[in-house]
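Computed from the coordinates by the stated procedures, all read-outs in this text should not be read as laboratory data. Everything numeric here is computed off the predicted structure, so don't read it as measured data. Quick reminder, even Gly has a Cβ in these numbers, built from the backbone with ideal geometry, and neighbours come from all protein chains shown.
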Amino acid sequence: MMGSSFHSPRSQDVIVDRRDFLRRCGMGFGGMALAGLMGGSGRALGAGPEAWPAPQFAPKAKRVVHLFMNGGPSQVDTFDPKPMLDKRHGQVIPLEGLKTERPTGTALRSPFSFARYGKSGLEVSELFAHTAAHADELCVIRSMTADVPNHEPSLMLMNCGDGRLSRPSVGSWISYGLGSANDNLPAYVSMCPGGMPIKRAENWRSSFLPGNFQGTYLDTSIQDVERMLENLRNPRARDSRQAKQIAFLEEINRRHLAERQHDPQLEARIRSFELAYRMQSDATDAFDLSKEPAAIKEMYGPGDFARQCLMARRLVERGVRYIQLWHGNGQPWDSHDDIEDHRRLARECDQGIGAFLTDLKQRGLLEETLVIWGGEFGRTPVVEMPQAGSNMGVMKGRDHNHYGFSMWMAGGGVKGGHVHGATDDFGFAAVDKPMHVHDLHATILHLLGMDHEKLTYHYSGRDFRLTDVHGVVVRSIIA
Amino acid sequence: MLRPLLASGFLLGLAAAWAQGGKSAHWAYRAPIAEPIPGPGNPVDVLLGQARKVAGVREGKLAEPRRWVERAAFTLTGLPPTLEQIRRIEATPDEPTWAALVDEMLASGAYGERWARHWMDVARYADTRGYHFDQDNRYPFAYTYRDWLIGAFNQDIPFERFIKLQIAADLLVAKQDDPDLAALGFLTVGLRGRDADTLDDRVDVVTRGFMSTTVACARCHDHKSDPITQRDYYSIYSIFENAAEPAERPVIGTPGDKPAFEAYLREAQALEAKDLEVRQGVLEHLRDPAALAVYLKLAWEAQKGGWDQGRATAEAFKHGRYRGQAVVRWRDFLQKVRKEKDPPAALTAWDGAMDSADDARRSGLCAQLAASLLGDADAGLAGLKSRKDCPLGYGVGRMHEVFDVEDTNKSRERESAKSKLQAEHPGSPPRAMSVKDARDWKQARIFLRGDPGAPGEEIQRQWLGMLGGGSFQADKSPRLALAEKIGDFSNNPLTARAWINRVWAWNFGAPLADPGDFGIQQPEPKLLRLMDWLALEFARSGGSTKQLQRTLLTSRAFRVSVSGAAGNAGVDEGNTTFWKWNRRRADFESMRDRMLMTSGSLEVGMRGGRSVKLDEPAADARRSVYAFVDRFELPGTFVSFDLPHPDHHSAGRIETTVPQQALFFLNSPLLLRQAAKLAESPELAAIKDEAGRIGWIYERLLQRAPASGESEMVKRWLAAADPADYQPRLGGYWEILHGQDLDGVPSGLRPLPMFDAGQWKTGKDLATAPIPYLHAGANGAHPAPGYALVARWLATGAGEVRLVGDLDRRAKQGDTLAWEIRGPNNAVGASGRLAAPQKTSLESSWVAVKAGEHVDFVLRAPEGANSGSTAWDLRVVGRETPEAEEMDLGSLRRDFPTPGSVRPSMAAGDPWADLIQMLWASNDFNFIE
């Protein structure tokens, strides 16, 4: 019945506790405010209260920050050291039926050195030294698996739980399930500097969920806050004038209301203008990094990604539910030609990530914020061969690899200084405790206090969920 | 006339099926029951009256007559009513006048535009296919489907035909260029994915769209609750699996502009020729004796080494531009020939020789084999080249099968160019997004768990089991037979109910049953009798939607007051018996259209044509139905205002109230632009007295005079307006100009005549342009001797500004360039020279500007034409007063002017514009009651 505001109203559909409904849906930006009061039936959003997830257990995390290394970072060069690759460098290694997207050749050792960090002695490559300073907070999953070695379906799988079909993104599900904690900001923000990742807005789509659960995209290479959000600012009217406009509009609307019987639709719309006016300053404030002290800015370092991390911290403080930070437009981590490029990429984000974790920790926010790092898949431990039209440069790069790759999580109730699962000797395929993307999703929802089998949305005749018919909560990584 | 359904047999079968489970047939699967109407008057009111009696609610009073007209204009046309229409009904609020007004609106062209848009939600209409990697993702001809819908509603074609044309127009029209072919866009404007997913989308849109039935649920297993099986699903799936889109979409009209059409044909032919040339090149390469020798050697090695495609590609590339796929094809072909009866003796001999030879000798052997294959000396080998499975036998049409990544990239570029040409060229003729039955039909079969990689049982295509099943009529295409089954109101109880339910919902703001799903889980609608009567009446009228509209709109239910009788709310709060009018917020399209109509911008007579992007000011003349809908990146306004995502069929819009909507009314360029326009209109300017002006605005926007007290409210507000609030904010925009360079002083500045490929220039080809190489783009520019190239920033408010930026000239050598930053009155704020190569940062001194004044960045080549291009990144920062914080006012890269750029108005607006804007933002304007 959901997915439609059109239906014959029945008495049990009337939201009994409107306050509760509004809390769940958020009155704000990404929330729905007063939704779908079609025909004054009190029917909200086509979803009966029975459809809302009953909290099954206390949440460990209140929100998620997903650092998306789009393009696919290599596990054997970052969080999954493989000494065997050094030994067998340049030799053919058994692939055992592992087909790669493009032609690949012999074993390619990592040009980066690994060291042990923290009390846990977690091994991390030199690329992520700043991140590694938080080794004892990191839960590294070395046995991630996806379905295919192609960017598009893997991005869709990681973000929306299905490689092919149009399904809502994780952030949409979470905003739908938990609502917004801030009236004046979007519940779900997706940031990417200088453009969008491939598949563009499909990565944060709401699909058949109502449109307001879609991620709000921000181009963080734009320094001017007012241009980041559509219609946030009136290019002509001064604040004093706009305040008077809104007061006048309120007078017009109150007069209209007074002549009519009580109708929540009319009041909700009046309230939406008050919210909008407040949002103009609150949102501007949230994204305005000039308010940060110099020492903090310095800690995060230069560059777009660092700015995104700092913005993310400001959004975390303001109660945004789901924040996704993309490394950059296109697929920056897609180092087909030369894995050395990972050095530049890591330099662009590592300091910001380290500072972000430090900053969350020092503000006591890390334990209630689930931070996730990773790409849509990993890379092959073998070298990619050149061919016409692709990889025509040096032969030092790696192809896509969905058989085994690394991600890490921190805060939000996961075990710190922990390694989950393992790939084979070369780092090609997950062999110990493989964790599919569906399992990751089930676990994320669990950490947020939601049962992935019960967070459903009825659409087109059946109940849909993020994990479809898959997914197992991986309890061993939960603290 | 409707035949008695019991006799048709389907119900008996159905009843039998359901009796087994001890249940009676589900309401939606039963035939509508014809019962006498127990009373006089419009049967809609009689049947609602019965239901109200049962529910215990009292019938309400009729609303004031002007509301009838407002509602009808909203539901039938999506535009505001005219003052004259309101006055007419107010003067004579009787039934004949009302019926005539309804007819008048049904007869207006705007009716089709309104109802086409409703159906476009159902049909998941979009102008793009979704993600398409680096290729143009537009459907250049989706608009022909939209225009067909508008015509179909306006002409009120019988609903059965409406169904049949959208599923099988190609099988019904006689001419190859019949405009009705555009109806097939219903099948083809959906989201594209893997074939199985694209087809699934078509199964879904057809079954849910026409029958409110979720057949697509049975893709992976039989439906959990409804009597729909995988067999049902794959029967329909198979029908669409065998309906392919032709490579060339049929042309269904000729552009009025003949020269443009001819120009289009020339360009299209040039693209075809280019494609052919590339394919021919690959073909010649494959047949080249030396290249063939390499392929044969690689094929032999691939056979011996057990290479996969990737290895073959990598090895081939070591020899130069050799296609890995051709290696694999040769390997497989030779292997096949070896295994055939009596393989050519020369091949067997070659095999033996290859085995014993060393590498150098092998090359020689391969050259010999190549010569034999290409020549005719050895009959056994020479005969192979004419075989279709031999790579030498591939024609140009098959060359893409051996393309490497590079070939494919280039081919995609050509495809994109073709799509772009079709989408944009003024002479590109309209085409239908049609389909055609396959010549040889693929066997229908079930996919296990919905996985096309796991084909299961073969099946006979059949009609939905729950509606009687049985195979489709054999003497026609199963697709046409399917369309007939869906449109057969006598035997299919779903279709008419599904349609009248939608029409009801779009008129009354709530449906009689969930339009997305009439399945078993849906309880019997309270108003089933009304539903059935409407369905039967609809069938009796020959499927006339306009007749249905007349019936609904002339009912009292359509005209009942918004408040209703006291006490009803406690009994039937949900208004399930429509005892009061459902107050409704105007949907996005009607809100925008009503706003543009009342501002005077909308050209209502302009019907059809290519889709327009709504954020472009030129679109202000067009109704919202003509919006370019990009399913890949739905405009933010669409998302904020609840347009359903066109990835899926939408059963109904979800209505939300979010602050983004309020921000749209407060700040969007569209509202500001339109409010300013109306405030400055000569009609308003001609009225001098304040009360007259207020009255004019109210009448224009709300079709009424201000009520008592309203005029005073507005006057008070106008009187309190502070002139300081209307000083424009400091801001501005960029222009690109060129003029003569008179010893460093630019003269005769004017725009560059052409914008092409992101650059302003004087001719398409830079080398032969009137001023060779002179051009400017967002990221860089190229000056020319004797000319000044100017990036001008024009202020729209007063304050102090500074132009800052970076120049980066990468050419290793060249003539030194000169640059200046000039403020108002040509005062130089900074200047410098730029050698090659050189990088420099610029920063002018503070310049005071007023609205309309400018700051120029001038780039010149005083020393000669050898300059190369210079990367630039120019920004303007400013502050309104020396004490104020510095603001970013404009970046040339970000805000680079294009022909479509919106120039902000210099006017800050005035209190009258604010009044207009706030009335558009008001609940009064936005709610229909």
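So here's what we get for this one:
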quantity	calculated
Residues of type lysines that B:Lys613 reaches as a straight line, Cα spacing below 17 Å, ignoring anything fewer than 8 places off in the same chain	B:Lys420
In the stretch B:638-734, the trypsin sites (Lys or Arg not before Pro) that fall in loop regions by DSSP, at most 16 other Cβ within 10 Å	B:Lys688, B:Arg704
Under 5 Å, built H, 5+ apart or other chain: amide partners of B:Arg445	B:Ile459
Gyration tensor (alpha-carbon) shape descriptor, the stretch B:687-753, a/c threshold 1.5	prolate
At most 13 other Cβ within 10 Å, DSSP loop - trypsin sites (Lys or Arg not before Pro), the stretch B:181-267	B:Arg194
Amide proton proximity set for A:Asp162, modelled H, under 5 Å, gap of 5+	A:Leu157
Total charge dipole magnitude, the protein assembly as shown, about the Cα centre, Cβ charges on Lys, Arg, Asp, Glu only, Debye to nearest 20	1740
FRET efficiency for B:Arg287 and B:Glu245, using Cβ-Cβ distance with R0 set to 41 Å, rounded to 0.05	0.80
Spin-label proximity, B:Leu684 to the stretch B:624-665 - amide N less than 20 Å from point 7 Å beyond Cα toward beta carbon	B:664-665
Taking B:Thr495, B:Thr214 and counting other C-beta atoms within 10 Å, the order from fewest to most	B:Thr214, B:Thr495
Test item: A:96-105 mean partner chain Cβ contacts at 10 Å	3
Phi-based couplings in Hz for the stretch A:279-285 (Karplus 6.51, -1.76, 1.60; Gly and Pro marked x)	4, 4, 7, 5, 5, 4, 5
The stretch B:131-229: chymotrypsin sites (Phe, Trp or Tyr not before Pro) in DSSP loop, at most 13 other beta carbons within 10 Å	B:Phe133
Residue range of chain A that is longest and free of trypsin sites (Lys or Arg not before Pro) which are both DSSP loop and sparsely packed (at most 13 other C-beta within 10 Å)	A:120-362
Fewest-first ranking of B:Val562, A:Val64, B:Val745, B:Val46, using other Cβ atoms within 10 Å as the exposure measure	B:Val745, B:Val46, B:Val562, A:Val64
Cα gyration tensor, chain A - rounded (a/c under 1.5), prolate or oblate	prolate
Full-extension gain in nm, B:Gln813 to B:Ser471, via 0.36 nm per residue minus C-alpha separation	115.3 nm
Whole-angstrom gap from the stretch B:175-203 to the stretch A:153-207, using each part's C-alpha centre	28
Subset of B:Lys677/B:Lys761; A:Lys87/A:Lys119; B:Lys274/B:Lys388; B:Lys761/B:Lys812; A:Lys60/B:Lys224; B:Lys677/B:Lys850 violating a 30 Å alpha-carbon distance limit	B:Lys677/B:Lys761; A:Lys60/B:Lys224
Relative contact order, percent, the stretch A:310-402 [alpha-carbon distance under 8 Å, six or more residues apart]	36
Relative contact order (percent, whole number), chain A, Cα cutoff 8 Å, 6+ residue spacing	28
Those lysines that a straight Cα-Cα span of less than 25 Å connects to B:Lys580, excepting residues fewer than 8 apart in one chain	B:Lys53, B:Lys61, B:Lys526, B:Lys546
Ranking of B:Lys341, A:Lys82, A:Lys433 by count of other Cβ atoms within 10 Å, fewest first	B:Lys341, A:Lys433, A:Lys82
The stretch B:768-773 - phi-based ³J(HN,Hα) in whole Hz, Karplus 6.51/-1.76/1.60, Gly and Pro as x	10, 5, x, 10, x, 6
Mean separation of Cα contacts under 8 Å, 6 or more apart, over the residue count of the stretch B:730-891: relative contact order %	27
Cβ charges +1 (Lys, Arg) and -1 (Asp, Glu), total dipole of the stretch B:279-410, debye	240
Whether chain B is rounded, prolate or oblate, judged on the alpha carbon gyration tensor where a/c under 1.5 counts as rounded	oblate
